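Note sheet for the following structure.
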Amino acid sequence: MKYDKISDQRIFPKIFSFSLILLLLLCIIVAGCDVINQKGIMVNATLDENSNESQDLINDTFDDTRTIVEEWIFASPTYGYDGQDIAYIDYKQLGAAEYLMRYSYTSTHSGYGDRTYMMASDILTQHVITVDIKGRKIVSAIIDNRWDEMNQKMLSDIVDNALNNTDNNQDLVKLEYVPMQCITTPWNAWLANSSIRFIKAPSEQEVMTMYYANQSIALYDYQEIKTSGVVCTVCYSCATGYKYLVSVDRPDIQAMLYTGWKEI
């Protein structure tokens with residue numbers, strides 16, 4: 001039989017191509033391997049129960065990630081209650097598929113979360129929310145470095161050394177406020193000029209807390225202390241006979257000093 005060189009030239013490439021296909025299938029089924037898709041992107045070809053999700057994460061663009069974050073913010077309790085005018089600020093990449101994204105927006109009432117059954121004052125409040133997204137999952141969302149939007153708690157109520165990496169008390173400053181005769185405290189003056197109405201009269205602590213919450217200031221360790229049994233009644237010169245003590249985060253000290261508090 002005469003050797004047909006031309007036939008061999010046609011058959012060998014086909015056999016070689018077929019062998020490559022078999023090798024690729026074996027790679028996918030047994031161990032998984034990296035292949036290049038039509039767009040020139042390296043993707044993992046392992047066939048498992050999470051393969052579709054992995055492929056989706058690879059194909060996600062930065063705009064897709066922003067869309068996921070923004071839709072989450074729109075549906076969150078604080079923004080969902082009265083948020084408006086959301087604006088993208090910036091981002092920081094933490095890993096291959098993890099980002100910290102910051103947005104600002106305005107609430108038309110004070111406070112955080114769903115305040116439907118709460119007494120929230122009608123005051124425009126600016127917020128900054130930082131969202132940690134990994135893949136397509138929201139890992140955390142913190143508003144104004146104070147409020148945990150996922151757990152609906154103030155950060156001061158959450159023991160989380162991973163976030164603070166320090167003892168919270170190290171960053172607190174103790175202050176005192178001594179009311180003077182005939183001078184209305186800033187928080188009571190604010191309440192008198194607000195549209196807030198109560199079924200039951202609020203305590204001094206409750207009014208003070210609401211007033212400073214509108215300025216995104218959290219108060220800790222509230223105390224009301226009687227300072228004297230004999231009270232002078234001369235206006236503007238004499239104290240009322242009691243004082244208030246609170247602690248605040250160090251960055252808030254200037255705002256507190258401005259409203260009449262003193263560091264102790």
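Things worth noting here:
- Across every direction, the projection of the convex hull enclosing the Cα atoms of the range 62-165 has a mean area of 6.8 nm².
- Fewest-first ranking of S237, S104, using other Cβ atoms within 10 Å as the exposure measure: S237, S104
- Exposure proxy order (Cβ contacts within 10 Å, fewest to most) of V231, V207, V246: V231, V207, V246
- The range 169-263 shape via C-alpha gyration tensor axes, a/c threshold 1.5: oblate
- From phi via Karplus (6.51, -1.76, 1.60), per-residue ³J(HN,Hα) for the range 131-136 in Hz, x at Gly/Pro: 10, 9, 10, 10, x, 10
- Between T116 and Q152, the simple spin-label model (points 7 angstrom out along Cα→Cβ) gives 1.0 nm.
- Distances between placed amide hydrogens fall under 5 Å for H109 paired with I123, T125, all partners being 5 or more residues away or on another chain.
Rule-based calculations on the coordinates, nothing more; no lab input. Predicted, not measured: the structure shown is a model, and the values here were computed from it. Cβ sites come from the backbone with ideal geometry, for glycine too, and all protein chains shown count toward neighbours.
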